[in-house]
Amino acid sequence: MSVTLRKRKNADESTTLRLDIYDNGRRWVETLKHLKIVKAANVADRESNKQNLQQAHAIRIARANELESNGYNVTSEAGKKTIVTVWMQSYIDVYTKKDKRNMQGALNRFNAFLLETKTTTLTFGNLSALLIEDFIDYLESNSTGEGASSYYNRFKKMVKQAYRKGLMKSNVLDFVERKVKGKAKKKDTLTLDELGTLAATPTKSSEVRKAFLFSCVTGLRWCDVKSLKWSNVNTVNKQMSLTQSKTSEEVSTPLNDTANKILGEQGDPKKNVFELPTANGANKTLKAWVKRAKIKKKITWHNARHSFGTNLIFNDVDILTTSKLLGHTSMKYTQRYVRTAEEMKQRGTDSINIDM
């Protein structure tokens, strides 16, 4: 068993750092893409190269001890030498699940926290429950809604993996007493009546108008409606199929009459369905449009998706069907729309109280 750090010169005079790993008769190479050594032109370049090389050595030590722990089922001393953030970055680099971006976000926040507390070279041997509780406080102070909870869950996932790899003698999370607070921020939704009012209100951009209303009746996110091509829709069969950009989930959605009316005639399969401006430009137009319609709610493009989900539940579509139409990876996300729909129904019954 061995892990060797090797350097490979590139045509641009930079150097790629790689780990040559050998274990149980099997050899493979792990390229440390985020730790390239550049041709030093100034002091800053030299310092950056030095730090990258140090991180590469730390990753080499971590990899070697991981192999040792797995091979002999013992807890190694790697944690005393391995920098937490370096190991976490190496873990994320080879991470293949759909929440990779969220994992990176959690590490970015942990890096910012360590920078603020001047503990950037923290090793697993010094990762304590008290420090993690301070990190929770940091997340709650710098996050909105469920952000703190989401990032902390990803952080815990990495710490648990490090424990399983033998970088800690005990799972430090077992000694953390603080719980993460923070609930999902309540988001405004548009009722079917309000959508009708909005549709009847003129706006400067017909493309923004069509695309937003289409999102309201299909549940598409901004990134998906922006890149939607005619090859994704079939106006004859009233069907839309696409891979969601955020989750990589395959979604197939029946198109109702409103959606088909918005689309009009089938276009060139290679072209976008809607010609839209930037997200900021579209939301600026949307804000003015909602104000002109005298709808007193804070509406951005993502509220179209929330409106779609809530209106489905409000109109007695079951939660499983709603989840599939939205392309959710977990039913817990769909549950939010159930609560909002129940509140709408409660307000509806409250409006017909009789004085007795």
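The values are calculated or read from the model by the stated rules, or taken from the named source; none is laboratory data. From a predicted model like this one, the values you see are computed outputs, not experimental measurements. Using ideal geometry, Cβ is built from the backbone for each residue, glycine included, and neighbour counts are taken over all protein chains shown.
Odds and ends about this structure:
- Every condition in (1) at pLDDT 85 or above; (2) exposed (fewer than 12 other Cβ atoms within 10 Å of the Cβ) holds for residue 85 except the one numbered (2).
- Within the span defined as the stretch 296-309, one or more residues are assigned by TED's automatic domain parsing to the domain that holds residue 213, at pLDDT 90 or above and over 14 Å from residue 187 (Cβ atoms).
- In the stretch 3-51, the residues that are part of a helix (DSSP H, G or I), surrounded by 17 or more Cβ atoms within 10 Å (Cβ to Cβ) and at pLDDT below 85: none
- When residue 218 is tested against the conditions (1) within 25 Å of residue 201 (Cα to Cα); (2) surrounded by fewer than 20 Cβ atoms within 10 Å (Cβ to Cβ), the lone failure is (2).
- Of the helices (runs of 4 or more DSSP H) entirely within the stretch 143-246, those holding at least 1 residues that are in the same structural domain as residue 265 (by TED's automatic domain parsing) and touching a residue at least 24 places away in the same chain (Cβ under 8 Å) occupy 192-199, 206-218, 222-227.
- Of all residues in the stretch 277-288, those that are among the polar types (S, T, N, Q) have Cβ atoms under 9 Å from Cβ atoms of residues that are not in a loop (DSSP other than H, G, I, E, B), 6 or more apart or on another chain, in 283/222; 285/208; 285/209; 285/212.
- Per this entry, residue 291 is counted among residues that are more than 20 Å from residue 217 (Cα to Cα), outside any loop (DSSP other than H, G, I, E, B) and at pLDDT 60 or above.
- Residues of the stretch 93-137 that turn out to be outside any helix (DSSP H, G or I), among the small types (Gly, Ala, Ser) and crowded, with 16+ Cβ neighbours inside 10 Å, as a count: 0
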